[in-house]
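Since the structure comes first, as structure tokens, the remarks are kept for the end.
What follows draws every value from the coordinates through simple rules; no lab data is involved. Quick caveat, the model's predicted, so the values are computed rather than measured. When we count neighbours, we look across all protein chains shown, and the Cβ atoms used for this are built from the backbone with ideal geometry, even at glycine.
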Amino acid sequence: MEKLKQVIAPLALIVALLALWWLIVVQSASEIFPTPWQVLAGTMELVDDGTLWKHIGNSLLRVGCGFLVAVLVALPMGLWMGRIDSVFRTFNPVFQILRPISPIAWIPLSILWFGVGNVSPIFLIFIAAVFPLIVQTAAGVHTIERRYLDAAENFGVSRATLFRRVVIPAVLPEVVTGMRITLGVAWLVVVAAEMIAPKSGLGYLIIDSRNAGNRYDLVIAAMIIIGLIGLMLDGAMRKLEGLSSVRWRYGR
């Protein structure tokens, strides 16, 4: 019953928003902006001809590749920066300068370096994720309580054992939180990244639907699908936060 009550409130809000959307479109007599029913009909068109699954698959593939490469680069770099002060002082100013630059600003360079293809959007998604995750990981290492490190050193453990048994478990909650945030940012960039993709992906679907006959029903459908997939990705990352090896540091 408690879970049912938690579901009813958001469902009621969604229904109210859909009704408001439909009412505004009908009252304004818009010939371009679609009603919820028209968006649903357009979505079914994409489902019936199979293009929707193609676009979703390509977007997830690009985001997955870009995010995975970002994790493989950011985690070792963040751990290294967090443990060695001289490395942190050297690299942190550079990453702090690069981190606020919008991935959209990298589009001309990505085209110059990689051309128009799959590598360019993967690179943009990588750029969107790697710098925040490096900073988050390094900050997580800095928050480790000194007594844990001192205790390990007093027992004479090796540097490799210190990393494996103390540093990584202690920083894991911060890393997972950083991964959750950066995955959301990476998925957020998918529209801009797929402006230069080879005619596939949800971002391309939005641009193509706008240019090919003002199909705003498909534009809105793609936007809603991006939001729903983002919600599911965030839910999956929240499951990781619930693991016992991650939750211990939060005390609940």
(message) Report D for segment 1-137 in µm² per second (integer): Stokes-Einstein, Kirkwood Rh on Cα pairs, 4 °C, 1.567 mPa s.
(response) 67 µm²/s
(request) Tell me which label goes with the value of Kirkwood radius over Cα pairs in Å computed from the coordinates here: (1) 17.9; (2) 19.1; (3) 20.9. (result) (3)
(request) Restrict the search to segment 124-226; then list the GluC sites (Glu not before Pro) that DSSP places in a loop and that have at most 16 other Cβ atoms within 10 Å of their Cβ. (result) 145
(request) Considering Cα pairs under 8 angstrom that are at least six residues apart, work out the relative contact order of segment 83-197 and quote it in whole percent. (result) 40 percent
(message) As a test of the formula, what do you get for the chain when each DSSP H run with n ≥ 4 contributes -39,500 (n - 2.57) and the sum is divided by the residue count, at 222 nm and rounded to the nearest 500 deg cm²/dmol?
(response) -26000 deg cm²/dmol
(request) Order the peptides 204-216, 46-58, 90-102, 66-78 from the highest to the lowest mean number of other Cβ atoms within 10 Å of their residues. (result) 66-78, 204-216, 46-58, 90-102
(message) With a 10 Å cut-off between alpha carbons and a GNM built on the chain, which of 135, 116, 166 moves the most?
(response) 166
(request) For helix 2-28, report the angle its Cα long axis makes with the longest principal axis of the Cα atoms of the chain; keep it between 0 and 90° and round to the nearest 10°. (result) 40 degrees
